[in-house]
């Protein structure tokens, strides 16, 4: 977030700062302000190409001045035309006129091309000419920050603040350094100072929100994101971040509103569907959860976190083959979660394909740790008439979560054997799982529903 917000602000400062100088002219004020004011608005609206076109119209009346050429070059930079911008800037610079503004713009151009050494060269040259040129100091700070040299970065940021205590970029830079050092209180102080300088810059609130979240001030973090959204109501990630904060404080309904707002803003991006689906899933709104996760599957087919919940939901719908497909993919991405082969085998069994279940387990039994409950369940699935070893494993298991997970598979097999009462009692016990996010919990509840309720026997 910091790097993006810095670059946006840097360009805005560079261009609009030059606009302010360019407005000083011999023409009457009512004529000169109209084109330059419109350029500022177009830049703020994020249309540099249109801003460039408007400027070039205005340039026809005011050609060949250094100020106009530098402004033109900066607009070219905003439009991504770095080579044209560099040529325009080099026409301004000569041994008698090493203009810091032009050199600074050249540094930006080389930065856009990824030439850090040239960036530094031009910025350091500026400081020889004009040692109190704060944009060069703050930009050097940013470069060293990108290189993870926080000590050198802080040195330049602090120099800029000694000259100009309201240097916005340096305040943001020092805030970021404090975040790296996990000094969240200090980071919040710097972000607050930056916000005092420019209270309409939404990214500063977003960054401060992150600092407050790290400092365990969740409500304060939410307040900052709310402020950021008042400034920029169309920024997708502010809704995502605020929604996740609402989840942290148990306000899932408000979180859902934010995730759905993000979906409206960008229905083609997957992450809001992931979070919305997670809430629907936890609320047992299965159709909405399935729709959300199936949308994720279309938008990002390899997003493996959704395979397990989709497998559970297809199991509940008795779509055995689709459930097997989901659990198979989940197992491929997480081969240490040995419940997946058990669930796959169980789907085969419930679909009256005992041979396929047997073949699958015989093929995969060697992958299961022999001293684990997964192994004993697999053996029980292979030889359902003999539950001695799985019962022994169940009785000896001390961990309550593992014990109840094991019991689910025993209950499922007992149900297939026609031992309905034992199965029902066992499923009921599984629903006392502390971990409500485990697939065995949701499937035990479903099995009880199929058996006609979850009455206490």
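Taking the stretch 63-132 as the region of interest, the helices (runs of 4 or more DSSP H) fully inside it that hold 1 or more residues being under 21 Å from residue 167 (Cα atoms) and modelled with pLDDT of 85 or more are 100-112, 116-129.
When residues of the stretch 148-159 are filtered for being within 16 Å of residue 181 (Cβ to Cβ) and in a helix (DSSP H, G or I), how many remain?
Selection size over the stretch 148-159: 8.
Residues of the stretch 179-225 that are assigned to a loop (DSSP other than H, G, I, E, B) and either in contact with a helix residue (DSSP H, G or I) (Cβ under 7 Å, 6 or more places away or on another chain) or within 24 Å of residue 160 (Cα to Cα) (or both): 181, 182, 183, 198, 199, 200, 201, 215.
Given the structure, is residue 214 farther than 28 Å from residue 300 by Cα and under 18 Å from the mean Cα position of the chain (by Cα)? In short, yes. For residue 423, the conditions (1) over 37 Å from the mean Cα position of the chain (by Cα); (2) without any contact (Cβ under 8 Å) to a residue 24 or more places away in the chain are fulfilled apart from (2).
Taken together, the criteria place residue 404 among residues that are crowded, with 17+ Cβ neighbours inside 10 Å, without any contact (Cβ under 8 Å) to a residue 40 or more places away in the chain, out of contact with any strand residue (DSSP E or B) (no Cβ under 9 Å at 6 or more places or on another chain) and not in a loop (DSSP other than H, G, I, E, B).
Which of the residues spanning the stretch 133-147 are outside any helix (DSSP H, G or I) and in contact with a helix residue (DSSP H, G or I) (Cβ under 7 Å, 6 or more places away or on another chain)?
Matches in the stretch 133-147: 133 only.
Okay, residues lined up against (1) free of Cβ contacts under 8 Å to residues at least 12 places away in the same chain; (2) more than 21 Å from the chain's Cα centre (by Cα):
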{"site": "157", "(1), (2)": "no, yes"}
{"site": "161", "(1), (2)": "no, yes"}
{"site": "165", "(1), (2)": "yes, yes"}
{"site": "171", "(1), (2)": "no, yes"}
{"site": "175", "(1), (2)": "no, no"}
{"site": "185", "(1), (2)": "no, yes"}
{"site": "192", "(1), (2)": "no, yes"}
{"site": "195", "(1), (2)": "no, yes"}
{"site": "201", "(1), (2)": "no, no"}
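Checked against (1) outside the structural domain of residue 189 (by TED's automatic domain parsing); (2) surrounded by 15 or more Cβ atoms within 10 Å (Cβ to Cβ); (3) within 36 Å of the chain's Cα centre (by Cα), residue 98 meets all criteria but (3). Whether a residue is more than 20 Å from residue 312 (Cβ to Cβ) and in contact with a helix residue (DSSP H, G or I) (Cβ under 9 Å, 6 or more places away or on another chain) was assessed, and residue 343 does not pass this test. From the residues in the stretch 303-323 that are over 20 Å from residue 279 (Cα atoms) and surrounded by fewer than 24 Cβ atoms within 10 Å (Cβ to Cβ), which one is nearest to the chain's Cα centre (by Cα)? Among them, the one singled out is 322. Considering only residues that are buried (at least 16 other Cβ atoms within 10 Å of the Cβ) and in a helix (DSSP H, G or I), which ones fall in the stretch 266-287? Correct list: 271, 272, 273, 274, 275, 276, 277, 278, 279, 280, 281, 286.
The values are calculated or read from the model by the stated rules, or taken from the named source; none is laboratory data. Keep in mind it's a predicted model, so treat the numbers as computed, not measured. Ideal geometry is used to build each Cβ from the backbone, glycine not excepted, and the neighbour counts take in all protein chains shown.
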